[in-house]
1. Hey, if you put +1 on the Cβ of every Lys and Arg and -1 on every Asp and Glu Cβ in the chain, which of Thr350, Gly228, Ala111 ends up farthest toward the positive end of that dipole?
2. Run a plain Debye calculation on region 209-308 (Cα atoms as equal point scatterers, no solvent) and give log10 I(q)/I(0) at q = 0.11, 0.14, 0.18, 0.20 Å⁻¹, rounded to two decimals, same order as the q list.
3. Under 8 Å for C-alpha pairs, at least 6 residues apart: give me the relative contact order for the chain, rounded to a whole percent.
4. At Asp173 and Arg250, where each label point lies 7 Å from the Cα along Cα→Cβ, what is the point-to-point distance in nanometres?
5. What's the Kirkwood radius of region 229-285 in Å, using all Cα pairs?
6. Using θ = phi - 60° and the Karplus curve 6.51 cos²θ - 1.76 cosθ + 1.60, what whole-Hz ³J(HN,Hα) does each residue of region 198-213 get, with Gly and Pro shown as x?
7. Using Cα springs under 10 Å in a Gaussian network model of the chain, which residue among Lys342, Lys268, Lys191 shows the largest mean-square fluctuation?
8. To two decimal places, what compactness ratio does region 145-249 give when its Cα radius of gyration is scaled by 2.2 N^0.38 Å?
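Any read-out appearing in this document is the output of simple, stated calculations on the displayed coordinates, not a laboratory observation. Quick caveat: nothing in here was measured; it's all calculated off a predicted structure. With ideal geometry, Cβ positions are generated from the backbone for all residues, glycine too; neighbour counts draw on all protein chains shown.
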Amino acid sequence: MSRPVAGIPTEPIGSIPRPAELLAAMADHAAGRIGDGELAAAQDRAVADTVRRLEEIGSPVVTDGEQSKPSFATYPLAGLDRLAPDGVVIPFADGHQRQLPRLTAGPLRYAVHADRYLRAALRHATVPVKQAVIAPSALSLLYPPDGIDGYPREAFLDDLTAEAEADIRGCLDAGAHRVQLDFTEARLALKLDPGGSLLEQFLALNNRVLERFSAAERARIGVHTCPGGDQDSTHSLDVEYTALLPALLRLQVGAFYVQLASEPEPDKVLGVIADHLPSQARVFIGVTDPIDPCVETPEQVRDRVLAAARHVPVDRLGTCDDCGFSPFADDTSTSRETAFAKIRARVEGTTLAARELVD
């Protein structure tokens, strides 16, 4: 499979549905039928298969597919004992919910850093590997509204900033092609607080972390936003996207990965992006919708890229999927085969568009 024509990069967002063997191993491990070593071996086989299949499709950049993460949001917390289960609830449009844990004592320390997943993928990859990390703004929701005795919120935010920096820096140092902050709570913030104060708090915290990196390092850092995508449902698609984007584009990163394929008015969204995209940044537009069971054709993807190029200069344009395909370990709403078929369409469609747009 040929790589996309130079000039329009294309990248996955992160998660890929897990193979049946890994799902069975996860169930067996939870039930005590297999040990940690057997689970780790199944996870490594799934990572190797994910990387191999992405490369066979022709993806110029790959990920580990988040085969080993408990979820895109909670991987730093795996094994921590200072948590209670009754944290912030995230409601989805179809009625199901996800719930974050609640921090019960300080200090906050990540139990797992994302470079662990990156290094596992690098062992199998022959092309560049990107790594998704959770944005510090999401983990700021761990701190309870009524506080923690002996651990004030400002101390928590200091610790969170340091841990988030270490999470990103570890991936950069390990050789990540790009480190992507997953910031799905951005649009949700406007649903929870239409006045925008919560969103501004999130942006300030994320920029507080990003300011610790040099300009060259920030060029290798991106941010992803979407209205959520879990069990074929979203948590904030009903929030006006154009209310979020001007604020989002103030983040000090080199790349923005924006959900677009599922938007009812993509030209309106693209116009706002064109007006506010920072001069040093590239925007990767979503051209496949992971929660739509219909697999896009390469021609549909091509046409979405050509439409975007009417608003955004080609040298500042890239493509991606709207969001991950299986952000939580128990999400099996999209099959592994469907995910790879959609990714193939993205890669091939981007190539078709590049042939028309790039000399």
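1. Of Thr350, Gly228, Ala111, it is Thr350.
2. Taking Cα atoms of region 209-308 as identical point scatterers yields -0.36, -0.58, -0.91, -1.07.
3. Values: 713 pairs, mean separation 77.4, N = 359.
Across the chain, relative contact order equals 22 percent.
4. So the label points at Asp173 and Arg250 sit 3.2 nm apart.
5. Working: mean 1/r = 0.0823 Å⁻¹.
Evaluated over region 229-285, this radius sits at 12.1 Å.
6. Taking θ as phi minus 60°, the curve returns 5, 4, 5, 4, 4, 4, 4, 5, 5, 5, 4, 6, 5, 5, 7, 10 Hz for region 198-213.
7. Of the options given, Lys268 has the highest mean-square fluctuation.
8. Values: Rg = 15.3 Å, N = 105, 2.2 N^0.38 = 12.9 Å.
Rounded to two decimals, the normalised Rg is 1.19.
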